[in-house]
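Data first, discussion second: the structure below is written as structure tokens.
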Amino acid sequence: MKTIRKGLALLFKTILLALLIAVLIPVSYFAWHMGQPLTQPEFKGLSYYQYFEWRKMATEEGIAKYMLSHPNYEYTGIGEPLTACYSGHVSIIYVVLPPQSFSYTAAALLGAAPDKLHAFPLDVTLWNFMPKWWDTFEYLFWYNTVHMQNFGGSLVEFCRIQPNIPTPAEFEALKLRHQISAIYQPA
């Protein structure tokens with residue numbers, strides 16, 4: 001009886017360790033990769049983190065311009081306008097895109113070929129699965145989240161931002177300008 005209990009405890013610990021590794025490796029890989037320049041040319045060399053910082057600044061600027069040009073507009077949504085515009089897209093990116101890109105990459109690993117509806121990566125093996133998963137994630141990130149929804153596809157007019165993604169140097173200048181304007185805004 002003790003032997004069975006010890007065996008089950010060892011099996012349970014092994015399964016937990018395998019699950020921990022299966023979660024930590026992809027999360028660590030993606031977190032590291034998000035700090036590297038994105039390979040899609042539309043991102044102009046920005047990293048994932050820089051892109052999201054730019055998107056938040058562009059959204060804040062767009063909301064401010066909209067509110068100034070529509071002085072009688074009264075926001076009746078839930079939370080702040082920035083939350084309505086920004087947080088929904090961020091949650092979609094973190095909740096929907098990783099499993100979707102994983103399923104596309106796994107399908108390609110099992111032999112599925114890309115078609116008009118599915119951007120399956122090519123030549124996926126176990127050895128290049130993580131880089132191919134990242135590439136698929138980045139492609140879906142650009143196509144689904146940025147291209148289709150943010151640049152004119154949003155139903156809320158003040159949430160729309162222009163697709164003028166800056167270069168890293170332009171981003172740093174915009175970031176500095178944004179920080180200075182936040183400091184000197186009248187109360």
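The values are calculated or read from the model by the stated rules, or taken from the named source; none is laboratory data. Being a predicted model, the structure only gives us computed values, none of them experimental. Because the Cβ atoms are built from the backbone with ideal geometry, glycine has one as well, and the counts that use them run over all protein chains shown.
Here is how the numbers come out for the structure above:
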| item | result |
| --- | --- |
| Residues located in the stretch 109-119, provided they are in contact with a helix residue (DSSP H, G or I) (Cβ under 9 Å, 6 or more places away or on another chain) and either among the charged types (D, E, K, R) or closer than 20 Å to TYR29 by Cα (or both) | LEU109 |
| Failed item in (1) at pLDDT 75 or above; (2) exposed (fewer than 11 other Cβ atoms within 10 Å of the Cβ); (3) among the hydrophobic types (A, V, I, L, M, F, W, C); (4) part of a loop (DSSP other than H, G, I, E, B), with LEU68 passing the rest | (4) |
| Members of the stretch 40-51 found to be surrounded by 11 or more Cβ atoms within 10 Å (Cβ to Cβ) and either assigned to a helix (DSSP H, G or I) or more than 14 Å from the chain's Cα centre (by Cα) (or both), listed by number | GLU42, PHE43, LYS44, GLY45, TYR48, TYR49, GLN50, TYR51 |
| Any hit, the stretch 52-65, residues being surrounded by 11 or more Cβ atoms within 10 Å (Cβ to Cβ), of a type in the set (Lys, Arg), in the same structural domain as CYS159 (by TED's automatic domain parsing) and within 18 Å of the chain's Cα centre (by Cα) | yes |
| Residues that are hydrophobic (A, V, I, L, M, F, W, C) and at pLDDT below 85, drawn from the stretch 150-187 | PHE151, LEU155, VAL156, PHE158, CYS159, ILE161, ILE180, ALA182, ILE183, ALA187 |
